[in-house]
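Notes for the one structure printed next.
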Amino acid sequence: MGGVDGQLVIAVSYAIGDAEFGENFGTDAAQESSGTFPSGSLSDDAFVVRGGLNQPETLEANLGTEGGISANSANGITIDGLAEGVKNLQIGVTTAGEVRAIGGDVIPTPIIDGTPDQVNPFHVSITLGPGGTQQLSTLFTRTPNPWVGVP
């Protein structure tokens with residue numbers, strides 16, 4: 001951990017397969033200097049992956065206390081990379097730009113504390129647009145989860 005102008009910066013390192021990654025969460029200056037994006041700055045082409053069938057009623061039931069729906073997203077990470085650790089047989093895939101096009105957003109909310117199976121640097125919260133979960137559900141393309149059944 002370090003700081004810029006007295007603000008806390010948390011550095012997170014993680015690996016997916018043979019690739020290793022590192023990100024700083026904290027001040028915009030620290031993130032820009034490290035090559036990562038500040039919170040809320042996922043590119044429009046960043047994939048958004050969520051486990052399950054993503055029907056309006058299940059999305060509604062999974063709205064968090066802050067009004068967001070959990071998913072995985074990160075700039076430059078593949079669908080397979082974002083689906084790793086998702087337990088559902090099916091995943092839904094969209095992009096941050098498609099969510100923004102309906103008035104919602106995809107906000108990075110990495111989980112950096114907990115046991116190894118709880119840590120998720122790719123965790124995001126999807127906020128809803130005016131069309132709510134009904135419209136959001138139409139964005140997800142269903143596909144089999146490539147990680148289910150992999151030892």
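Throughout, read-outs are computed from the coordinates displayed, never taken from laboratory work. Small disclaimer: the values here were computed from a predicted structure and weren't measured. Here Cβ is always computed from backbone atoms with ideal geometry, including for glycine, and neighbour counts include all displayed protein chains.
At-a-glance table
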| quantity | calculated |
| --- | --- |
| Thr141-Asn62 pseudo-label distance in nm [points 7 Å out on the Cα-to-Cβ vector] | 1.9 |
| Pairwise FRET efficiency - Ile111 versus Asp44, Cβ, R0 = 30 Å, nearest 0.05 | 0.80 |
